[in-house]
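Undergrad: The structure follows.
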Amino acid sequence: MAAWGERLAGVRGVLLDISGVLYDGGEGGGAPIAGSVEALARLKRSQLKVRFCTNESQKSRGDLVGMLRRLGFDISEGEVTAPAPATCLILKERGLRPHLLIHDGVRSEFDQIDTSNPNCVVIADAGEGFSYQNMNKAFQVLMELENPVLLSLGKGRYYKETSGLMLDVGPYMKALEYACGIEAEVVGKPSPEFFKSALREMGLEAHQAIMIGDDIMGDVSGAQRCGMRALQVRTGKFRSGDTSGQQGPGPGKDSRRPPGPRRGSQPSCVCCDVQPSAVR
């Protein structure tokens with residue numbers, strides 16, 4: 001394995017995922033991952049540029065930053081690239097009026113958006129809001145449109161909270177795609193434009209940045225497709241099968257365990273534990 005100095009040669013900035021890298025969400029706001037507060041502090045003291053790139057869609061950006069600061073993290077709202085504000089820009093630019101299938105915690109991000117007479121659907125991680133009634137209403141709105149538009153805030157399969165793994169927006173997005181015969185537009189990781197917007201804020205080219213996340217598909221593969229280097233931490237949703245190329249459980253294996261990516265479908269990556277001493 002190449003030395004860390006070689007792997008990080010030319011890196012001038014770090015993009016950090018939040019959930020599963022800095023903290024695990026849950027009751028009372030969740031808990032920091034061991035060593036993450038100190039590791040971020042070391043990064044902030046280094047000469048590297050730091051930005052946070054998240055698919056968080058249950059909290060507004062302001063609420064997310066407030067919660068992280070209470071947990072001890074040095075972070076400001078202006079340092080965070082999140083899908084809800086990016087989606088609002090797209091809606092305004094394209095004159096779209098959304099039917100919102102989202103969590104109440106992020107609804108304030110859309111306060112200035114016209115939602116009358118919807119001509120599109122915006123779906124996010126709605127949590128308990130993913131009822132049959134709400135999913136069916138989104139389906140009906142899309143089916144009534146001549147040119148249906150479905151915007152999804154990320155397309156993650158699942159994420160980790162302190163209580164265990166939780167379904168993310170991706171499975172519900174796929175259900176609407178299948179039912180309506182359409183393809184969603186993803187605003188968030190692994191969308192190339194989402195990564196590029198974060199890089200623009202940092203003033204860096206892709207080859208000058210590294211993405212650190214817990215998601216082999218959204219964080220690692222998405223970043224590498226944009227020309228960045230990527231590192232997967234062994235926290236959050238990380239599973240040992242993420243880098244093994246396994247295709248899921250076979251006879252005698254635990255079928256409850258989420259399968260890893262198909263063989264050959266993901267670029268290689270480096271995995272590491274979060275340790276503050278690793279950051280210089």
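The values are calculated or read from the model by the stated rules, or taken from the named source; none is laboratory data. Remember, it's a predicted structure, so these values are computed and weren't measured experimentally. Backbone-built Cβ (ideal geometry, glycine too); neighbour counts: all protein chains shown. Areas reflect the complete protein model, heavy atoms only, side chains present, ligands, DNA and RNA absent. Shrake-Rupley method; radii C 1.70, N 1.55, O 1.52, S 1.80 Å.
Undergrad: Where the accessible area of the chain is counted over protein heavy atoms with a 1.4 Å probe, how much of it, in %, is carbon and sulfur?
TA: The C+S portion of the solvent-accessible surface of the chain is 48 percent.
Undergrad: Tell me the volume per residue, in Å³, of the convex hull enclosing the alpha carbons of the range 11-78.
TA: Dividing the Cα hull volume of the range 11-78 by its residues yields 86 Å³.
Undergrad: Further question on the same structure: Please list Y158, Y172, Y23 from largest to smallest accessible area, probe radius 1.4 Å, with all protein chains kept in place.
TA: Greatest to least solvent exposure: Y172, Y158, Y23.
Undergrad: Expressed in whole Å with the largest first, what are the equivalent ellipsoid semi-axes of the range 1-138 derived from the C-alpha gyration tensor as the square root of 5 times each eigenvalue?
TA: Working through the eigenvalues yields semi-axes of 33, 18, 14 Å.
Undergrad: Hey, can you grab everything whose amide H is under 5 Å from the amide H of H99? Only 5+ residues off in sequence or another chain; H modelled, so Pro and N-termini drop out.
TA: The answer is N119, C120, V121, V122.
Undergrad: What do you get when you divide the Cα radius of gyration of the range 101-169 by 2.2 N^0.38 Å, with N the number of residues?
TA: 1.20
Undergrad: Which GluC sites (Glu not before Pro) from the range 21-87 combine a DSSP loop assignment with at most 14 other Cβ atoms within 10 Å?
TA: Within the range 21-87, no GluC sites (Glu not before Pro) qualify (loop, at most 14 other Cβ atoms within 10 Å).
Undergrad: Could you work out the local net charge near P171, counting Lys and Arg as +1, Asp and Glu as -1, over the other residues with Cβ closer than 12 Å to its Cβ?
TA: Local net charge: 0.
Undergrad: Taking N as the number of residues in the range 137-198, what value does Rg over Cα atoms divided by 2.2 N^0.38 Å take?
TA: Computed over Cα atoms of the range 137-198, the ratio equals 1.28.
Undergrad: Is it possible to state the helix-based mean residue ellipticity at 222 nm for the chain, with each DSSP H run of 4+ residues giving -39500 (n - 2.57), the sum divided by total residues, to the nearest 500 deg cm²/dmol? What is it?
TA: Helix-only estimate at 222 nm: -7500 deg cm²/dmol.
Undergrad: Just from the alpha-carbon atoms, what are the Rg and Dmax of the chain in angstroms?
TA: Values for the chain (Cα only, Rg and Dmax): 18.8, 57 Å.
Undergrad: Please compute the Cα-Cα pair-distance distribution of the range 73-228 with 5 Å bins starting at 0, giving whole percents from short to long.
TA: Whole-percent P(r) values from 0 Å outward: 2, 8, 17, 20, 21, 15, 10, 5, 1, 0.
Undergrad: Hey, another quick one. Within 12 Å, Cβ to Cβ, of I90, how many net charges do the neighbouring residues add up to if Lys/Arg are +1 and Asp/Glu are -1?
TA: Every neighbour counted, the sum reads -1.
Undergrad: Okay, next question. Among K155/K237; K92/K189; K44/K196; K92/K174; K137/K174, which pairs are too far apart, with a Cα-Cα distance over 18 Å?
TA: K92/K189; K44/K196; K92/K174
Undergrad: Determine the relative contact order of the range 20-152: mean sequence separation of Cα pairs under 8 Å and six or more apart, normalised by residue count, in whole percent.
TA: 20
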